[in-house]
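K.L.:
This is the structure, below, for whatever I ask next.
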Amino acid sequence: MAVYVLKRVLGLVPLVVLVTAVCFALMHAIPGGPEGVLADNPKVKPDDLARIRANFGLDRPLVVQYGLWLKRVLLHADFGYSYVTGEPVIRMIGRRLPATLELMGSAFLLSLLIGLSIGVVSALKKHTTLDSVLTVGSIAVISVPLFWLALMSMMLFAVQWRLLPSAGMHTLGAPFSVLDHLRHLVLPTMVLSLTLVASWSRYTREALGDVLTADYIDVARAKGLSNAAVLFRHGLRNAATPVITVVAMSVPILFTGSVIVEMVFSWPGMGRLFYEGLLRHDYTRLMGIVLVSSLLVAVFNLLADCLYGIFDPRVRYAR
Amino acid sequence: MRFSLNQYKPFGLWLGAAVVGALVLASSGCGSQPASDDKTTVRRTPSERNNVAAGPVRGGRVTIGVQQEPEKLSEILSATAINNLVCNLIFSKFVKYDDQLRLVPDIIETIPTVQNGGISEDYLTYTYKLRQDARWHDGKPVTAEDVKFTFGVIMDPRVNVESREGWDAVGSVETPDSKTVVFRLKHTFPDFVSETFFDESVLPKHLLSGETGEKFNTSPFHREPVGSGPFKFKEWVPGSHLTVTRSNTYYGDGPYLDEVVFKFIPSENTLLVQLKTGEIDLYDNADVSFLDQLKTIPGVAVHMTPTMMYEHLDLNMENEILRDRRVRQALSLATDKEAIAKIVYNGLVHVAPLDEYPSSKYYNSDVAAALEFNQLRARQLLRDAGWVDEDGDGILEKNGRDLTLTICTTAGRINREQTELVLKNQYREVGIDLKIKNYNSTVLYGSYEENGILKRGEFDLALYAWLSSPEPATKEDLYSSRTVPPNGQNHSRIQHAELTELLALGSNEIDEERRIRIYHDIAEILVEEVPVIPLFWYTAVDACTGRLKNYRPNPTQSADTWNANTWYLGG
């Protein structure tokens with residue numbers, strides 16, 4: 001297992017190189033650059049643009065620029081300075097990452113808890129009224145755009161009922177309190193997890209539904225095991241593999257979802273940092289965020305692969 | 001000395017090129033209350049009279065909701081609208097425009113003129129006296145050395161200053177005493193007074209002398225600056241808010257508020273919600289489509305004013321059909337601007353007869369009416385130009401060719417696309433067939449090297465916006481024969497010898513009266529030649545709590561916080 005993990009970790013290097021290279025190429029394929037917004041200013045002369053480009057190192061060939069970036073990252077863990085804010089990118093990300101991880105983490109846990117519970121209930125009560133209600137509800141939630149859900153929940157909870165704050169992480173000007181912070185976390189978490197709840201509950205229902213009709217479940221029942229033992233020891237454990245796959249594959253969805261949720265709820269996370277960087281062609285910032293998020297996604301996939309082994313002895317890895 | 005630009009406005013109505021984004025900067029509104037000033041007496045509303053009688057009150061906090069976040073608190077490195085808005089509170093400048101477009105002194109005692117001896121007879125020496133009572137927030141006095149130091153930073157090639165236009169006219173800076181700065185120019189530069197430390201702030205030498213050259217670009221000073229303005233920097237939590245507190249060392253009137261907080265809220269909808277819930281007090285540069293909703297919020301005053309940004313049509317003078325002046329005039333006469341303002345913008349924009357701001361001294365009201373909507377005259381002109389409807393299909397022809405023109409704008413901007421449809425109908429009525437072909441903004445506004453549509457002249461008519469400025473010298477870049485792309489932004493490609501000469505004269509004329517006359521002549525030629533058809537001035541909508549007094553939005557780059565030192569909270 002340890003060797004396997006080590007191999008996978010080493011495998012991250014070429015993956016990161018590939019992902020960032022593609023991203024770098026795509027970014028530079030978009031017309032304009034960090035200095036591009038100045039080009040329409042009649043007072044900015046071509047000389048000024050050339051001076052700024054040279055100061056940024058943007059006058060060099062793309063391959064050289066990418067090579068230098070990669071070298072700095074791999075050898076010195078140096079992400080460079082943002083073209084726009086002039087700050088070290090690593091510091092900008094470091095300041096925003098906790099907020100994003102908190103939001104994604106709470107949404108992840110909430111989705112897992114509610115999504116799996118609904119899935120189990122649906123699987124056990126297949127083709128009942130309750131199942132139908134949950135199915136229709138899930139499909140409705142999956143079909144609705146995230147930003148609309150966000151706005152509607154804000155209108156209801158913040159404006160109509162005045163139950164929760166509409167945006168931000170804390171009440172400005174008030175002393176820090178955990179309760180105040182949690183109140184701010186409720187709406188973004190709820191909205192971000194809704195679509196995941198809907199999709200994970202569907203997968204759990206299908207996976208568990210298949211397992212529950214398998215012969216070995218009948219055998220387990222025939223042995224006289226209690227319903228709970230059948231469900232948890234045999235049913236869920238066998239249904240876990242496909243669900244883990246889906247859950248692990250949802251991590252990128254969480255990242256994209258957090259961009260929208262962070263925009264709507266003014267959550268000071270990495271998604272917003274990325275979006276704002278995109279509008280300004282802030283290459284170093286974008287590369288930094290792409291690198292960090294692709295690493296996070298890769299780690300989650302690795303975690304999922306390890307979990308397969310734990311849940312399913314057939315998938316133990318060779319050394 | 002920059003034409004300050006704002007870079008983007010996500011989710012907003014104005015998403016587009018940099019010029020368009022500049023609207024945020026031009027955000028303004030002279031508001032429902034007339035302006036008041038120490039020296040001028042103006043009519044006041046009863047409620048305002050009461051407030052004035054009570055006098056400004058100290059204390060309180062105002063939270064301003066803004067869509068964007070400053071990139072760094074340095075106007076030298078980043079001349080965005082939001083930077084102007086925030087830096088106004090922390091730093092000092094030499095001059096500002098007030099909300100009536102008059103130039104007023106900030107950290108200098110008086111505006112130098114030839115009469116008061118501040119400007120030499122040959123217009124090559126400018127002497128400024130800094131205010132005796134000006135201090136940095138750390139207590140040290142603001143001196144002439146600070147000014148000289150800031151000039152050195154701006155001229156340093158390693159510093160990412162966007163433009164040095166005007167500054168490069170300066171030959172030397174002298175500091176005869178600690179409060180006197182003398183600029184000696186290599187050649188005359190007419191806008192020197194209105195542009196020197198107009199959108200750049202004076203920086204503290206004692207805190208930045210170790211942060212020059214390359215280091216200046218990434219200096220931590222830009223994230224926790226020390227200035228000499230009415231408010232002190234307190235904290236900046238990225239993605240969340242930025243707070244400034246009252247400075248006790250400020251030299252001018254006020255400040256009265258204890259704190260001003262800028263809250264960064266990227267979504268327009270959320271800004272609206274926060275204004276409704278009272279979580280913000282001021283929604284600066286609100287989305288125009290929210291107007292009706294904003295008006296219904298209790299206790300909120302909505303301010304509306306023309307910005308300095310105007311929407312217009314560029315007519316490509318290299319086009320075979322448009323080469324004929326009569327056709328261009330006919331197009332102008334056939335354009336019903338009022339209808340566009342009403343149908344597309346709900347009457348929320350101000351029709352633009354000329355490309356000059358209506359209250360500007362350069363506005364030539366004599367020629368403004370010459371090309372007012374008149375279909376009869378338009379048809380007559382087209383007939384004179386040889387265009388007649390031979391086959392009775394409603395479209396005019398000449399030599400067997402239809403009078404067909406293609407219009408382009410930024411794809412996806414709904415208001416602009418609707419404007420095109422309205423124009424299509426209007427032009428159809430005089431026999432012109434208008435085809436529509438739109439481009440992504442990066443393609444439309446792309447550089448010459450990137451084969452940008454405007455820069456390459458690959459259009460007949462183009463619909464987009466320009467940002468005007470109180471001083472019209474920038475017009476040379478738009479209409480001179482010397483500024484046809486790639487050498488400038490003369491996208492219409494007008495090549496008119498007299499116009500080119502006048503534009504050059506105008507941007508070098510220092511005497512105000514002569515200058516006004518030159519630009520009045522220029523307006524006459526533009527109306528005659530029609531390289532562009534100005535359509536309307538965008539309107540800025542600002543909504544703020546009625547408790548905030550003295551909030552007087554400003555259409556210039558001095559921005560809506562230009563007088564924040566005099567803001568106070570009243571009943």
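The values are calculated or read from the model by the stated rules, or taken from the named source; none is laboratory data. It should be emphasised that the depicted structure is a prediction, and the values quoted were computed from it without experimental measurement. Because the Cβ atoms are built from the backbone with ideal geometry, glycine has one as well, and the counts that use them run over all protein chains shown.
K.L.:
Can you name the residue in region B:479-511 that is of a type in the set (A, V, I, L, M) and crowded, with 22+ Cβ neighbours inside 10 Å and is also farthest from B:E420 (Cα to Cα) among such residues?
P.N.:
Here the answer is B:L502.
K.L.:
Among the numbered criteria (1) surrounded by fewer than 23 Cβ atoms within 10 Å (Cβ to Cβ); (2) modelled with pLDDT of 90 or more; (3) small (G, A, S), which one does B:G347 miss?
P.N.:
Status for B:G347: all satisfied but (2).
K.L.:
Right, here's the next one. Give me a count of the residues in region B:124-148 that are surrounded by 17 or more Cβ atoms within 10 Å (Cβ to Cβ) and part of a loop (DSSP other than H, G, I, E, B).
P.N.:
The total comes to 7.
K.L.:
Just to be sure I understand, how many residues within region A:163-185 are facing another protein chain (nearest Cβ under 7 Å) and either more than 22 Å from B:V261 (Cα to Cα) or among the aliphatic types (A, V, I, L, M) (or both)?
P.N.:
So the count comes out to 3.
K.L.:
Can you pull out the residues in region B:193-206 that are part of a helix (DSSP H, G or I) and touching a Pro at 6+ places or on another chain (Cβ under 9 Å)?
P.N.:
Scanning region B:193-206 gives B:V193, B:S194.
K.L.:
Here's a follow-up. Which of the residues belonging to region B:219-246 are of a type in the set (S, T, Y), more than 22 Å from A:W267 (Cα to Cα) and within 13 Å of another protein chain (Cβ to nearest Cβ)?
P.N.:
Matches in region B:219-246: B:S219, B:T245.
K.L.:
Are any of the residues in region B:309-322 more than 30 Å from B:L535 (Cα to Cα) and either among the polar types (S, T, N, Q) or out of contact with any Gly (no Cβ under 6 Å at 6 or more places or on another chain) (or both)?
P.N.:
No; the residues of region B:309-322 include none that is more than 30 Å from B:L535 (Cα to Cα) and either among the polar types (S, T, N, Q) or out of contact with any Gly (no Cβ under 6 Å at 6 or more places or on another chain) (or both).
K.L.:
Does B:I453 satisfy being in contact with a Gly (Cβ under 9 Å, 6 or more places away or on another chain) and not polar (S, T, N, Q)?
P.N.:
Yes.
K.L.:
Please specify each residue of region B:174-215 satisfying the condition of being surrounded by fewer than 19 Cβ atoms within 10 Å (Cβ to Cβ), at negative phi and touching a Lys or Arg at 6+ places or on another chain (Cβ under 8 Å).
P.N.:
The answer is B:E174, B:T175, B:T180, B:H206, B:E214.
K.L.:
Quick check on region B:266-275. Is at least one of its residues assigned to a loop (DSSP other than H, G, I, E, B) and either surrounded by fewer than 19 Cβ atoms within 10 Å (Cβ to Cβ) or within 11 Å of chain A (Cβ to nearest Cβ) (or both)?
P.N.:
Looking through region B:266-275, at least one residue is assigned to a loop (DSSP other than H, G, I, E, B) and either surrounded by fewer than 19 Cβ atoms within 10 Å (Cβ to Cβ) or within 11 Å of chain A (Cβ to nearest Cβ) (or both).
K.L.:
Follow-up. Check whether at least one residue in region A:199-208 is under 22 Å from A:G257 (Cβ atoms) and within 14 Å of chain B (Cβ to nearest Cβ), and report yes or no.
P.N.:
No, region A:199-208 contains no residue that is under 22 Å from A:G257 (Cβ atoms) and within 14 Å of chain B (Cβ to nearest Cβ).
K.L.:
Further question on the same structure: Among the residues of region A:87-124, write down those that are crowded, with 17+ Cβ neighbours inside 10 Å, away from chain B (no Cβ under 13 Å) and either hydroxyl-bearing (S, T, Y) or in a strand (DSSP E or B) (or both).
P.N.:
A:S106, A:S111, A:S122
K.L.:
Still on this structure, I have one more. Out of curiosity, is B:T500 of a type in the set (S, T, N, Q), part of a strand (DSSP E or B) and away from chain A (no Cβ under 14 Å)?
P.N.:
For B:T500, the condition - of a type in the set (S, T, N, Q), part of a strand (DSSP E or B) and away from chain A (no Cβ under 14 Å) - is not met.
K.L.:
Looking only at region A:261-286, filter to residues that are facing chain B (nearest Cβ under 8 Å), outside any helix (DSSP H, G or I) and of a type outside the set (G, A, S); which one of those is surrounded by the most Cβ atoms within 10 Å (Cβ to Cβ)?
P.N.:
Here the residue is A:F265.
K.L.:
Counting only residues that are touching a Gly at 6+ places or on another chain (Cβ under 8 Å), of a type in the set (D, E, K, R) and assigned to a strand (DSSP E or B), how many does region B:172-188 have?
P.N.:
1
K.L.:
Check region B:420-429 and report whether any residue there is more than 11 Å from chain A (Cβ to nearest Cβ), under 26 Å from the mean Cα position of the chain (by Cα) and either within 27 Å of B:A497 (Cβ to Cβ) or modelled with pLDDT of 90 or more (or both).
P.N.:
Taking every residue of region B:420-429 in turn, at least one turns out to be more than 11 Å from chain A (Cβ to nearest Cβ), under 26 Å from the mean Cα position of the chain (by Cα) and either within 27 Å of B:A497 (Cβ to Cβ) or modelled with pLDDT of 90 or more (or both).
K.L.:
Another question, if that's okay. Within region B:472-513, which residues are within 15 Å of B:D191 (Cβ to Cβ) and of a type in the set (D, E, K, R)?
P.N.:
Across region B:472-513, the qualifying residues are B:K475, B:E476, B:D477, B:E509, B:D511, B:E512.
K.L.:
So, in region B:426-444, how many residues would count as being without any contact (Cβ under 8 Å) to a residue 40 or more places away in the chain and assigned to a loop (DSSP other than H, G, I, E, B)?
P.N.:
Number of matching residues: 3.
K.L.:
Also: Within region A:156-178, can one find any residue that is in contact (Cβ under 8 Å) with a residue 24 or more places away in the chain and surrounded by fewer than 20 Cβ atoms within 10 Å (Cβ to Cβ)?
P.N.:
The answer is yes; a qualifying residue exists.
K.L.:
Still on this structure: Among the residues of region B:300-323, how many are more than 26 Å from the chain's Cα centre (by Cα), over 18 Å from B:H496 (Cβ atoms) and touching a residue at least 24 places away in the same chain (Cβ under 8 Å)?
P.N.:
Total satisfying the criteria: 1.
K.L.:
Turning to a different aspect of this structure: Give me the residue from region B:277-299 that is buried (at least 20 other Cβ atoms within 10 Å of the Cβ) and over 25 Å from the mean Cα position of the chain (by Cα) and, out of that set, farthest from the other protein chains (Cβ to nearest Cβ).
P.N.:
The qualifying residue farthest from the other protein chains (Cβ to nearest Cβ) is B:I280.
K.L.:
Out of A:A248, A:A239, I need the residue that is surrounded by fewer than 22 Cβ atoms within 10 Å (Cβ to Cβ) and in a helix (DSSP H, G or I). Which one?
P.N.:
A:A248
K.L.:
Just checking, which of B:F189, B:F198, B:F216 is within 14 Å of chain A (Cβ to nearest Cβ), under 24 Å from the mean Cα position of the chain (by Cα) and closer than 14 Å to B:S74 by Cα?
P.N.:
B:F198
K.L.:
Shifting gears a bit: Just to be sure I understand the filter: pairs with C-beta atoms under 7 Å, separated by 6 or more residues or on different chains, first member in region A:59-86 and more than 13 Å from chain B (Cβ to nearest Cβ), second member of a type in the set (F, W, Y). Which pairs pass?
P.N.:
Pairs found: A:Y66/A:F24; A:V73/A:F79.
K.L.:
Which condition does A:A174 not pass, out of (1) within 30 Å of B:E235 (Cβ to Cβ); (2) part of a helix (DSSP H, G or I), if it passes all the others?
P.N.:
Here A:A174 clears every test but (2).
K.L.:
Just give me the residues in region B:78-111 being in a loop (DSSP other than H, G, I, E, B) and under 18 Å from the mean Cα position of the chain (by Cα), in sequence order.
P.N.:
Residues satisfying the conditions are B:S78, B:A79, B:T80, B:K93, B:D98, B:D99, B:Q100, B:L101, B:R102.
K.L.:
Of a type in the set (A, V, I, L, M, F, W, C), outside any helix (DSSP H, G or I) and within 14 Å of another protein chain (Cβ to nearest Cβ), is that true of B:V261?
P.N.:
The answer is yes for B:V261.
K.L.:
Can you say whether A:D48 is over 25 Å from A:G269 (Cα atoms), crowded, with 17+ Cβ neighbours inside 10 Å and either aliphatic (A, V, I, L, M) or without any contact (Cβ under 8 Å) to a residue 40 or more places away in the chain (or both), as far as the supplied structure shows?
P.N.:
When the stated conditions are applied, A:D48 passes them.
K.L.:
While we're looking at this one, here's another question. Which pairs have Cβ atoms under 8 Å, sit 6 or more apart or on different chains, and link a residue in region B:332-349 that is under 23 Å from B:D433 (Cβ atoms) to one that is in a loop (DSSP other than H, G, I, E, B) and acidic (D, E)?
P.N.:
Taking only residues 6 or more apart or on different chains, the pairs are B:L333/B:E372; B:A334/B:E429.
K.L.:
Is it true that B:T249 is part of a loop (DSSP other than H, G, I, E, B) and either within 30 Å of B:D355 (Cβ to Cβ) or of a type in the set (S, T, N, Q) (or both)?
P.N.:
Yes, satisfied.
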